[in-house]
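Just so it is clear, none of the values below were taken in a lab; they were calculated from the coordinates. These numbers were taken from a predicted model, which means no experiment stands behind them. Cβ: placed from backbone, ideal geometry, glycine included. Neighbour counts: every protein chain shown.
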Amino acid sequence: MFLQPLWSLLLRHSSLLRSPFFPVTFSLCVFLTLSLPFLLLDLLASRCALVRRYKLQPQSSVSWGSVCSCLFLTLYNHLVFIFPLTLMHWFLIPVHLPQEAPLLRILLVQVLACVLLFDFQSFTWHLLHHKVPWLYRHFHKVHHTFSSTFALTAEYSGVWETLSLGLFAAAAPVLLHCHPLAGMTFFVVNIWLSVEDHCGYQLPWALDRLVPFGLYGGASHHDLHHIHSRCNYAPYFTHWDLLAGTLRRKT
C-alpha cells in the first residue's frame, strides 16, 4: 500500500498523536508555516513591482501592527479556548489509530468529501451571519476588520466564529467516517485553502486558475467578499453562491 510506510512512521509517534497538545500545536504550526510565504511576498510587494502586480488590491500594504494583531488573536483563541476543548475531548473520547493505512484513492475521495462538506457548512454559517444583522455585529464583524486581506487574516476572528468553524472542520472527518490520516490531510488542505483565500494575491498557479469552469473561487472570489460584503459567502467553491444568487466575479 502506497501510504502504509508514511502511516507506519506516524504510528511510531502515536503517543504524540494522541496527546491533547497535538491538535493545537499542529494547527498553529501548519497555519503559520503556510502563511509565511505570503508574508514574505508582502514584505517584497512594497519594493518590487513584479510582486505588486499580482496583488488583488495593489494600493494596500501590510503593517507590522496588523501582523502582530492577527498573531495575538490567533494565539489567544487557540490557547484560551481551543486547547481546553481539545483537552476535554482527549479526556472523554480516546483517539483511535488503526494499524492499516487507507488506499490512496480512498484518502483522496475522503479529503475531497470533507472539503465539500465544510464548504457547505461554512457557506450556510457565513450567509446566516451576514443576513442577520445581530449575528454580524456580535460575531462576524471582527473578521471584516480588514477589507484588504493578507494570509494571517484567515484566522482573525472572534471566539464564536473560531470555535464554530473549528467544529465544522473537526466534525467533517468524523461524520464521513474518514481514516485518521485522511482527517489530518484534510486539516492541512483546509488550512491551506483558507490561507490562500485570504492571501491577497492572484498568482499564476492559484487554484482558481487551475480548476476549470470557474468552479473554484479562490483569493479573487473572497477578496470581493471582503470589499463588498454582500456576495461570495462560500469559502472555496462557487456552486452554492451560484444557486443562492450571491455569486460575484471579478471583472
query: By per-residue mean of other Cβ atoms within 10 Å, what is the highest-first order of 77-84, 127-134, 219-226?
result: 219-226, 77-84, 127-134
query: Once you have the alpha carbon radius of gyration of region 116-251, what is it after dividing by 2.2 N^0.38 Å, with N set to its residue count?
result: 1.01
task: May I have the convex hull volume per residue, in Å³, for the Cα set of region 30-102?
output: 145
- request: For region 21-35, take each phi angle, set θ = phi - 60°, evaluate the Karplus expression 6.51 cos²θ - 1.76 cosθ + 1.60, and give the result in whole Hz per residue in order, putting x for glycine and proline.
  value: 7, 5, x, 5, 4, 4, 4, 5, 5, 5, 4, 5, 5, 6, 7
- prompt: Per residue of the chain, what 222 nm ellipticity follows from adding -39500 (n - 2.57) for every DSSP H run with n ≥ 4, rounded to the nearest 500?
  reply: -19000 deg cm²/dmol
- request: Provide the packing ranking of 237-248, 44-55, i.e. peptides ordered by the mean count of other C-beta atoms within 10 Å per residue, highest first.
  value: 237-248, 44-55
statement: One finds the C-alpha centres of region 139-172 and region 120-136 to be spaced, in Å, by 12
task: From the C-alpha gyration tensor of region 4-244, pull out the three semi-axes of the equivalent ellipsoid (sqrt of 5λ each), sorted largest to smallest, in whole Å.
output: 29, 20, 20
query: Which whole-number percent is the relative contact order of region 128-178 (Cα, under 8 Å, 6+ apart)?
result: 25
message: With angles folded into 0 to 90 degrees, how steeply does helix 180-198 sit against the dominant principal axis of the chain? Use alpha carbons for both and round to 10.
response: 10
Protection proxy ranking of 109-122, 90-103, 19-32 - average other beta-carbon atoms within 10 Å, highest first: 109-122, 19-32, 90-103
message: Under 8 Å for C-alpha pairs, at least 6 residues apart: give me the relative contact order for the chain, rounded to a whole percent.
response: 23
